[in-house]
Amino acid sequence: MEDTASEHFNSLQKGGFFVLSRSDFTSVLSAPTDNLGNFLYKVNPIKHSILGDTISSGNLSNLQTLPAFLVGRDDGCHVGELKNLNDLKGVFNISRLENVLSKEEAEEAALSDKKFIHSLELRWSNLFVEYAEQQEKVLECLQPHFGLKGLQIQQYSGSILPTWISNPAFADLVAITLYRCRNCKLLPCMGQLPALKSLSIIEVNEVKKINHQFFRNGPVDPAFPKLERLEVDIMLNLKEWMDVQMGDLPSLVKLTVDSCPELVTIPPLSCLKSLKHLEFRRCPKLLSLPIDGLPTSLECFLILDCLELNEWCLSGEHWRMLCHVPSVWFDNEEGPRGITYQSTSTSIGLVEEKLTRWEADQTMIFDSTDEATEYLMNTVEETRQLIESLKSLCVDKDYKNYELLHRADDVLQKSMARLEYEFRYMLVQNRQPCAPEHMSSRSSEEDTFDENSLMSFGFDSVEDSLQSSFTIFSEDSSIDLIRPEVIPDLRRIANMMFNCKYDQECTQAYITLRRDALDECLSYLEIQKLSMQEVRKMEWVSLNSKISRWIWVMKIFVRIYLSGEKWLSEQIFEELGPVRLDCFVEVSKASILQLLKFAEAMSIGPHQPERLVRILDIYKVLGDLLLDIDALYFGEAGSSVSRECHDVLLRLGDSVKATVFEFENAIASNPSTYPVSGGGIHPLTRYVMNYMRTLTDYGQTLNLLLKDCDEGDPISLSPDMSPTAEEENNSTDSSGRKSPMARQFLSFASSLESNLDEKSKLYKDASLQHVFLMNNIHYMVQKVKGAELRLIFEDDWIRKHNRKFQQHAMSYQRASWSYILSLLKEEGIQNPGSNSVSKTLLKERLRSFYLAFEEIYKVQTAWLISDPQLREDLQISTSLNVIEAYRTFVGRHSNDISDKLIRYSANDMENYLMDLFEGSPKLLQNSSRR
């Protein structure tokens, strides 16, 4: 037995083929499975019962090649016995599937686990209509592995095909054949199979319609992206084939429609841009080709046994659709070579007549019926193709051909003029208004300054509009510049004019009309065309309003109008490559450069501090829009606009730096002829502190622009460094160094303090000098304690300056009250040579005290400490020192002082001290107790 098995293996190793007897076959199968699983077995079908026993026993689990498997009944092989053969590879055929009696048995075959099978054929022996429902369940459970490359389903009796055949997870499936599935009523949706290249549908007789359900199940675009060959054959009840959309079947090279006797409707063919070979055979009810004609890529067109279609194609008017196809065959005979003079002359005459009627009617063709539109477009395309054919014939110098060519050129020129007129009309009549209701809104930040903060500082006041806010569009706003429903027609006209080499006329019409539309939008948005000289000469109040308008418009114009304009250009010139960007740039270049010119004018104006915030606003907006502008104007076509935007941004940055340094110089050198009344807060202090608080909103921008300025290095701005967001500003960077803005702000504050020291010398009264400095330093500290500036100056600066204004408060008390307190001391009121108190000296001492107190009251009630808490603190501190000394002095000498000498009680004096620093001079009324 072992010797027999060995002989058979030797024969198999040499590529032998033989039929085994039952005993020999059993001996082979009893051999060690390590060898058996590596060979190809071709077994007489009658021996499948033996094979089945062996498979079910697990002896063939390593089998790799089994070309065919015949499902048997009773003692035959059951399909479930394939479950362990997961190493099968190559081509695999399962026949006699009518013998699979349940879906459970089909599931047991586990075809989805057999990942090495690349081609699978599922075959029934014949139609078994009575078992149709059972077959549907069985086929649904015979899903192969997703790595399958080829699939055939033959003589299946079900009315529906399995759902898995439409699954796009079959990413490698390149070929499908549906053969004699005669009861199937609906073709599955196979348009979403990503790799399918060949599809044959043969004798699927119950299908009456091919529609969108065959192409797509949801938003799939395009359908059948890789299909190259489509065969529709012997579909006896097929009447309609429709719903091929633009972009579907982009790779289809060959289309064959054969033996469809009821077919009357076929889909548009001109959209099949790769089609080279087209056949219609034995379709007697097919009367004509689609009105859109045949694709220009077509090389061979064959019609066989389609009498009506033959006659239609050979008519003079319709032959123009075929004249561009190199090879045309009718019933196995090649069609007319070239073009007959008579048919061509007739065709040109028909077009001329139609154009004449359109010109007389003066109605817009694209506003009329779809049929009229299609006729016009088809006429133009056929005329173009006719001209190409005539040019090739004119090499023979045939006068008649030259005459035809001249007439055809004339017809094409008139057709192009008509298309250009329609193109212009649609662009104008369907333009959307430049209205704000087309956009949503958000609020911009507010610019806030203290009122009158610029007074006494030598600058103009800030316009109220800086405190206003504009409602700005949302980031996802969009606007339709042209009614969307006409864009497909505009695209068709553009494509046709380009195909006919009238591209310059088309683009010039588009650019002129859309450029005017953008100019109108800017006018609607109240943007005036101003020269740089006009901007520089404009008064600040008016200019400030223009800046606010510019900021608002720039965001809307770039992110809504220009984005919409580019989208429109891309839609209309979608299939024309770089023309899309070229047209957009030419349409919008003048408008965007007009807006950039205003920003450039601001960058070269005088470096006055009140302009800094507005220049920063312009810089920030332009920086935020830099990526948008670069995305709109890319490549060589848009480089000039993008480059100009970067240059303007760089000049604005230089202007910001120059204005910052000018501002510091203005702080340090600000002159004052007269002191501030009452030692109050100087307008310079208010202005500088509020100015810095406002500048904190531009922290990231200032840190970028002031970087390395103290080293004198120039700053260059690259696109990725543009300010895109204002973040929380820290005074130190990651290395612990002060940020550029923090260093600059500290320098501002230092210059301000130095200037305030000089201004304090304008006061002759030393006490008032200290009150002035205390007021102003306290104001600076309070401003810095706010959230915006605290992160810049930090707590050490606050503590240091707290001590400063406290020192000035103590210095004030010493300067104002030292003398008056010395009058309440014991020295100098004793009788000479004795320790007894001289009543005369005591009386004189009290009188001097009251006179001094009254003088201070009269003077210092006119002084002003505007901060209520600071004023109260200084009043209480002064009161504690003076009233305590007064009570002690009067109490110690109560026996020597009569009530008539006491002008003011301690309580009266305490109340009077609370009148100090109110900014309103007062006189004391004698309140001595009687």
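The values are calculated or read from the model by the stated rules, or taken from the named source; none is laboratory data. This is a predicted model, so every value here is computed, not measured. Here Cβ is always computed from backbone atoms with ideal geometry, including for glycine, and neighbour counts include all displayed protein chains. For accessibility, only protein heavy atoms count, side chains too; no ligands or nucleic acids. Shrake-Rupley method; radii C 1.70, N 1.55, O 1.52, S 1.80 Å.
On the basis of the beta-carbon distance and an R0 of 45 Å, Y421 and E308 show a calculated FRET efficiency of 0.75. Rounded if a/c is under 1.5, else prolate if a/b is larger than b/c, else oblate: which is region 67-113, with a ≥ b ≥ c the root eigenvalues of its Cα gyration tensor? It is oblate, given that a/c is not under 1.5 and a/b is not larger than b/c.
In what order, largest first, do E420, E872, E758 sit by accessible area if the probe radius is 1.4 Å?
Working: E420 45, E872 85, E758 110 Å².
My answer, sorted largest first, is E758, E872, E420.
For the pair S669 and Q432, label points projected 7 Å from Cα toward Cβ lie 5.4 nm apart.
Length available on full extension from S102 to E758: 0.36 nm per residue minus the Cα-Cα distance, which gives 225.6 nm.
Spin-label pair C300-Q869: with each label point 7 Å from Cα along the Cα-Cβ axis, the two points sit 9.6 nm from one another.
Among the protein heavy atoms, those of Y131 account for about 100 Å² of accessible surface (1.4 Å probe, every chain in place).
In order along region 503-508, the phi-based Karplus estimate (6.51 cos²θ - 1.76 cosθ + 1.60, θ = phi - 60°) of 3J(HN,Hα) comes to 5, 5, 5, 5, 5, 5 Hz; Gly and Pro are listed as x. Accessible surface ranking for H778, H78, H646, 1.4 angstrom probe, highest first: H78, H646, H778. Measuring between alpha carbons in the structure, the pairs from K529/K589; K285/K354; K529/K657; K197/K273; K546/K566; K566/K589 lying more than 19 angstrom apart are K285/K354; K529/K657; K546/K566.
Annotation: amide H of K114 within the under-5 Å range of H145, sequence separation 5 or more or interchain, hydrogens built in the peptide plane. Express in whole angstrom the spacing between the alpha-carbon centres of region 85-112 and region 593-644. Cα centres, region 85-112 to region 593-644: 70 Å.
In a fully extended conformation the segment linking R814 and E826 would gain 2.4 nm over its present Cα-Cα distance, using 0.36 nm per residue.
Working ranking of peptides 529-542, 741-754 by packing, defined as the average number of other Cβ atoms within 10 Å per residue, highest first, is 741-754, 529-542.
Reducing region 553-577 and region 758-773 to their Cα centroids gives an inter-centroid distance of 64 Å. Cβ-Cβ distance of D480 and N911, R₀ of 51 Å, FRET efficiency by 1/(1 + (r/R0)^6): the value works out to about 0.10.
Phi angles across region 854-859 convert, under the Karplus curve 6.51 cos²θ - 1.76 cosθ + 1.60 with θ = phi - 60°, into 3J(HN,Hα) values of 5, 5, 4, 4, 4, 6 Hz, Gly and Pro given as x.
Applying 0.36 nm per residue to the separation of E575 and K843 and subtracting their alpha-carbon distance, the gain on full extension is 85.5 nm. Annotated for region 748-894: lysine pairs at least 8 residues apart or interchain, Cα distance under 23 Å, count 15. When only alpha carbons are used to place a centre, region 235-300 and region 844-874 end up 107 Å from one another. Farthest towards the positive end of the charge dipole of region 576-715, among the residues G605, N690, I592, is the Cα of N690, using unit charges on the Cβ of Lys, Arg, Asp and Glu. Computed from the C-beta positions of S274 and S747 and an R0 of 60 Å, the FRET efficiency is 0.30 to the nearest 0.05.
Computed from label points 7 Å out along Cα-Cβ, the spacing between E662 and L851 is 5.7 nm. Protection proxy ranking of 554-565, 229-240, by the mean of other Cβ atoms within 10 Å over each peptide's residues and highest first, is 554-565, 229-240. Computed from point charges on the beta carbon alone (+1 for Lys and Arg, -1 for Asp and Glu), the dipole magnitude for region 584-696 about its Cα centre is near 460 Debye.
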